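Engineer: Have a look at the structure that comes next, please.
Every number in this text was worked out from the coordinates using simple rules, so none of it is lab data. As the structure is a prediction and not an experimental result, all values here were calculated from the model. Because the Cβ atoms are built from the backbone with ideal geometry, glycine has one as well, and the counts that use them run over all protein chains shown.
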Amino acid sequence: MAFYSQIILVFAISLFLTTLPSKAYNAYSNPYQSSSSSSSSSSSASASATFSSSSSVSTPSLSLLSSSKKTFETPKNVPSISASDVSAYIKSIMDATMSKTHLFIVNVIEKRLADPNTDIYAKDCLETCKSVYHDALDAMKRTEEDVKARNYYKANVDVSAMSTNIDTCNECATSIYGEDTDFKKFDNWAQGIASDCLEKITAKSN
C-alpha cells in the first residue's frame, strides 16, 4: 500500500511541474533575465538622460563663449584708417585711448580721492589705480613707437602690459567698491582696445 502511495505522489509532483506557467519557469531557470532587462532599460534611460543633459549644456556653453568676447567702441575722434595700415591704426587708437585714460584719472580717480568721505582703504586703492594707469599710459606710448619701428614682438609685450595695468586697478576697485560701474565699464572698454590691437599686431608679425 505504501508503495502505491509513493507512486501516486511522484506522479502528482510530475504533473504539477509540467503544468507550471512558462513565465514562472523561465524566471526560475534564468533568475538574472528580469534584472538584466531592468538594468538594460535603466542604462538606456541613463544614456538618454546623459545625452539630453549634455545637449542642453552645449548651447549655454557656446553662448557663454560668445558673451565672454571683449567688445569695445572705437573712440569717436579716431580717423577712418584702414586696419591694414597697422602703424597708423595703432597710433590713432592709442592716442584716443591715452586721452580717455587721462580723462578717467581726472574725472573719476582724482575726484574720488578729493572726496572727504573716502576712507583710507579706498584711498590706497585709488592711489594704486592712479599709478598703474600712468604705467598703462607709458605702455600705450611705447606701443606706438614699437609698431612704427616694426618691432611687433615688443609691441605685443607693451599692449599686454597696458592691459595688465588697467586690470590691476579694476581688481582693486572691485575689492573696495564691488561691481563699480565706472571702473568696470572702463576696464571692459580698455581690454577690448587691447584685444583688438594685439590681433592687428599679431597678424602683421605673422
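Engineer: Between Ser175 and Lys123, what FRET efficiency follows from the Cβ-Cβ distance if R0 is 22 Å, with the result rounded to 0.05?
Structural biologist: The value I calculate is 0.95.
Engineer: Normalized C-alpha radius of gyration of the range 135-197, against 2.2 N^0.38 Å?
Structural biologist: 1.21
Engineer: Tell me which trypsin sites (Lys or Arg not before Pro) from the range 97-206 have a DSSP coil assignment and no more than 13 other beta carbons within 10 Å of their own. Don't skip to the end; give the middle numbers.
Structural biologist: Details: sites: Lys100, Lys111, Arg112, Lys123, Lys130, Lys141, Arg142, Lys148, Arg150, Lys154, Lys184, Lys185, Lys200, Lys204; in loops: Arg150.
Those that pass, being in a loop and sparsely packed, are Arg150.
Engineer: While we're looking at this one, here's another question. Could you calculate the contour length gain from Asp182 to Arg150, that is, 0.36 nm times the residue separation minus the distance between their Cα atoms, to one decimal place in nm?
Structural biologist: Computed gain between Asp182 and Arg150 is 8.0 nm.
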